[in-house]
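Colleague: Below is one structure. I have some questions about it.
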Amino acid sequence: MERIISPSMLSADFGHLDRDTRMIDESAAQWIHIDVMDGVFVPNISFGFPVMKPIRRASAKFLDVHLMIVEPEKYLRRFAEAGADLVTFHYEATQDPLGAIRMIKECGVKAATPVEVLGELLPELDLVLIMSVEPGFGGQSFMEGSWEKVRRLRRMIDDRGLPVLIEIDGGVSASNAGDLFAAGCDALVAGSAVFGAADPKAEIVKMLE
Ligand code: DX5
Ligand code: ZN
């Protein structure tokens, strides 16, 4: 199983966005995580298309776009056009999760949702995002209840023989990365642990070990 690290640009220095994106582009991380917050679905506002575009220009890496916004279906097409390779929306943010998944696929982009009670949606998805912190802010501590969610979801996916990836987001660092991969995660999002490290590239390598 491939081990994927997806550094969250939420913890980058927006005054030096180009520099920080290029630094991640040169690192061992395979994906780049983009946290879009609208101040309605979560109590924080991050950034949107104008900030995503220069990130897309500065790196050819897989762009993993995490929408923490209400009515994601209104903007899915524009995120695909802005260069998203995968779009995650929150199940509770839309009246029609299946419709949103199909719309993402129509745009030629991979579809993901962080819901836990997935049921019939699971075969429609490319990835499930488990939130291991309350969505809205970087730098929070990992919620211990997330271990059980990872194991349960891994079993669900494996029992049904589905090719769905598991990504975990929040409170990830080099100290829990190895155990998270071992528990069944495919991709780890890390914001403050990467950008707060003295040597972010070395930190990413440590997480992959
Ligand atoms: C939180 C975001 C995360 C955040 C993670 O709502 O979805 O992607 O950037 O930050 P850390 O790694 O610092 O917990
Ligand atoms: Zn995120």
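The values are calculated or read from the model by the stated rules, or taken from the named source; none is laboratory data. This is a predicted model, so every value here is computed, not measured. With ideal geometry, Cβ positions are generated from the backbone for all residues, glycine too; neighbour counts draw on all protein chains shown.
Colleague: How about segment 60-84: which of its residues are more than 14 Å from ligand 2 (Cβ to nearest atom), assigned to a loop (DSSP other than H, G, I, E, B) and crowded, with 18+ Cβ neighbours inside 10 Å?
Modeller: Lys61, Tyr75, Ala82, Gly83
Colleague: Name the residue that is farthest from ligand 2 (Cβ to nearest atom), counting only residues in segment 136-169 that are touching a helix residue (DSSP H, G or I) at 6+ places or on another chain (Cβ under 8 Å) and part of a loop (DSSP other than H, G, I, E, B). Talk me through it step by step, then tell me what you get.
Modeller: Narrowing segment 136-169 to residues touching a helix residue (DSSP H, G or I) at 6+ places or on another chain (Cβ under 8 Å): 138-139, 142, 147, 150-151, 154, 156-157, 160, 162, 164, 166, 168.
Applying the additional criterion that residues be part of a loop (DSSP other than H, G, I, E, B) yields 138-139, 142, 160, 162, 164.
On the way: Gly138: 8, Gly139: 12, Phe142: 14, Arg160: 26, Leu162: 23, Val164: 18 Å.
My answer is Arg160.
Colleague: Still on this structure, please answer the following. Within segment 39-49, can one find any residue that is part of a helix (DSSP H, G or I), more than 16 Å from ligand 1 (Cβ to nearest atom) and buried (at least 17 other Cβ atoms within 10 Å of the Cβ)? It would help to see each step written out before you state the result.
Modeller: Of all residues in segment 39-49, those part of a helix (DSSP H, G or I) come to 49.
If we keep only those that are more than 16 Å from ligand 1 (Cβ to nearest atom) as well, we get 49.
Adding the requirement that they be buried (at least 17 other Cβ atoms within 10 Å of the Cβ) leaves none.
No: segment 39-49 contains no residue that is part of a helix (DSSP H, G or I), more than 16 Å from ligand 1 (Cβ to nearest atom) and buried (at least 17 other Cβ atoms within 10 Å of the Cβ).
Colleague: Residue by residue through segment 178-195, note down the ones that are away from ligand 2 (no atom under 16 Å from the Cβ) and either crowded, with 17+ Cβ neighbours inside 10 Å or not aliphatic (A, V, I, L, M) (or both).
Modeller: Selection gives Gly178, Asp179, Phe181, Ala183, Gly184.
Colleague: Since Ala183 meets every condition but one in (1) at pLDDT 95 or above; (2) in contact with a helix residue (DSSP H, G or I) (Cβ under 6 Å, 6 or more places away or on another chain); (3) farther than 16 Å from Ser11 by Cα; (4) within 12 Å of ligand 1 (Cβ to nearest atom), which condition does it not meet?
Modeller: Among (1) at pLDDT 95 or above; (2) in contact with a helix residue (DSSP H, G or I) (Cβ under 6 Å, 6 or more places away or on another chain); (3) farther than 16 Å from Ser11 by Cα; (4) within 12 Å of ligand 1 (Cβ to nearest atom), the lone unmet condition for Ala183 is (4).
Colleague: Among the residues of segment 15-34, write down those that are within 13 Å of ligand 1 (Cβ to nearest atom) and without any contact (Cβ under 8 Å) to a residue 40 or more places away in the chain.
Modeller: If the condition is that a residue be within 13 Å of ligand 1 (Cβ to nearest atom) and without any contact (Cβ under 8 Å) to a residue 40 or more places away in the chain, then Ile32 is the only one that fits.
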